[in-house]
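Just below is one structure, and these are the notes that go with it.
Every number in this text was worked out from the coordinates using simple rules, so none of it is lab data. It should be emphasised that the depicted structure is a prediction, and the values quoted were computed from it without experimental measurement. Cβ placement follows ideal geometry from the backbone for every residue including glycine, while neighbour counts extend to all protein chains displayed.
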Amino acid sequence: MRKTFKGLLSFLLVITLILSLASCAKKEPEIKDTVKESITAEETGVKDAVEESIATEEAEDTEKKNITIVDLTGREVELELPLERVIISHWESLEAYSAPVGEKIFDSVVGIGESGGMERYQNAYTKHFPHLSELPSIGMVGSYDLEKILSLEPDAFLINFGEGFIERFPEVVSTLDEAGIPMVFLPLSDDPFTSPQKAAKILGEIYQTNERADEFINYLDNKFALIEERVPEDGEKPKVYHEAGSGSRDEYSMSFTNSGWGLIMAFAGGDNISVNNVNDKGRIDPEYLLESDPDFIFITSGMGYGPAEASMESINNSVGEYVLRTGWDRLKAVQNNDVYSYYHNHQRSPLVFYYTMDMAKMFYPEEFSDIDPEAELKEFFDTFLYTDYEDGFWKYKLGEKLE
């Protein structure tokens with residue numbers, strides 16, 4: 001009887017355990033489902049909060065606001081930010097305008113002007129930003145297509161010219177003023193050592209990229225300060241001569257004295273022989289040049305962005321012809337191969353720091369023994385520009401072959 005009771009009790013315990021396990025098995029999915037629902041709800045809440053935050057930030061970035069700036073001609077200009085549709089006076093300006101702004105400028109430009117060197121810049125920039133190849137042209141300065149400009153409905157027209165433009169083309173200014181199209185004059189050539197920084201300050205404000213603009217400004221200021229600090233104030237200066245590459249073997253071209261390349265050579269510590277013979281952008285007396293016998297000659301040509309063949313063609317037509325002029329074979333600069341070529345239009349660009357530094361090292365090699373201008377230029381491209389150092393050729397020395 002005791003064995004029978006124990007057996008029955010054991011049986012009942014087993015049955016109870018099985019039923020308990022079955023009950024737990026039924027409840028487990030319910031617990032999992034409850035937890036899952038709780039987690040899903042929490043994730044959804046976080047996701048909604050993040051999306052709401054992003055939407056708020058985007059709204060703040062695109063929130064319209066009006067500002068008044070003073071451009072580099074002293075004109076007060078009212079703008080509505082953010083700038084979404086912008087016209088730029090010519091392709092070369094992209095270099096100086098993108099450095100303090102970043103990619104925003106490529107997203108905003110809807111039209112662009114033409115110029116003599118535009119093809120090189122077009123090829124360089126469309127390689128990195130293909131959509132720029134579809135930009136409509138507004139024509140060349142002096143013959144801008146005003147109907148095209150008006151049809152593009154720009155938020156602003158950024159112009160790489162100054163007072164001279166306003167004086168020479170009053171009908172362009174008055175027409176766009178009447179149409180309510182803001183013009184921001186940002187000339188880069190007034191002072192090659194400060195104009196790019198002044199333009200950058202304004203661009204940083206109107207594109208809301210102040211931090212990047214300040215970095216760009218400080219970079220250039222520091223480079224010029226270094227050059228100024230190291231160029232000797234006293235002592236004999238090397239005699240230098242500049243001529244634009246638009247001349248020929250028989251005809252001399254203009255020489256800069258108190259603007260552009262003339263200022264650059266002086267800042268680098270050179271004694272410009274043209275100063276005592278011609279006015280700015282005049283043609284030097286060939287006999288005076290031979291008598292002065294400069295130590296360095298700089299011929300600014302059409303090299304720059306583009307393949308080696310294009311740069312060499314420009315160099316052969318300028319430097320190659322100039323050194324064959326009567327008497328040039330007796331010049332120290334020619335005999336020592338100290339004849340150099342740079343891209344002419346870069347006198348109106350932030351790359352002026354490189355040319356000034358390169359000249360200064362030639363003139364005063366000991367003072368600049370630890371400076372590598374080419375490395376400095378590469379760093380500038382990598383830090384601020386949207387083209388590559390390898391996209392062009394920035395310096396030529398007589399006797400050199402570009403590859």
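Binning all Cα-Cα separations of the stretch 99-189 at 5 Å, short to long from zero, yields these whole-percent fractions: 3, 11, 22, 27, 20, 12, 4, 0. DSSP beta bridges confined to the stretch 65-219 are antiparallel in about 35 percent of cases.
So how strong a dipole does the stretch 65-219 carry about its Cα centre when Lys and Arg Cβ are +1 and Asp and Glu Cβ are -1, to the nearest 20 debye?
Details: 11 positive and 27 negative charges, 71 e Å.
Approximately 340 debye in magnitude.
Over the C-alpha atoms of the stretch 65-219, the Rg to Rh ratio, Rh being the Kirkwood estimate, stands at 0.93. Taking label points 7 Å from Cα along the Cα-to-Cβ direction, Ala375 and Thr194 give a separation of 3.1 nm. Over all Cα atoms in the stretch 231-397, the spread is summed up by Rg and Dmax: 15.4, 46 Å. Extension gain for the segment Glu119 to Ser151, taken as residue separation times 0.36 nm less the Cα-Cα distance, is 9.1 nm to one decimal. For the stretch 371-403 versus the stretch 105-151, the spacing of their alpha-carbon centroids is 25 Å. The DSSP beta bridges internal to the stretch 243-348 are antiparallel in roughly 10% of cases.
Once you've got the Cα coordinates, tell me which of Lys198/Lys378; Lys239/Lys395; Lys201/Lys397; Lys65/Lys127; Lys65/Lys201; Lys281/Lys395 are over 30 Å apart. Exceeds cut-off: Lys201/Lys397; Lys65/Lys127. Extension gain for Asp177-Thr68 works out to 37.7 nm (0.36 nm per residue, less the C-alpha to C-alpha distance).
Backbone phi angles across the stretch 214-231, fed through the Karplus curve with coefficients 6.51, -1.76 and 1.60 (θ = phi - 60°), yield HN-Hα couplings of 5, 4, 5, 4, 4, 4, 5, 4, 5, 5, 5, 5, 4, 5, 4, 5, 8, 5 Hz in residue order; Gly and Pro are listed as x.
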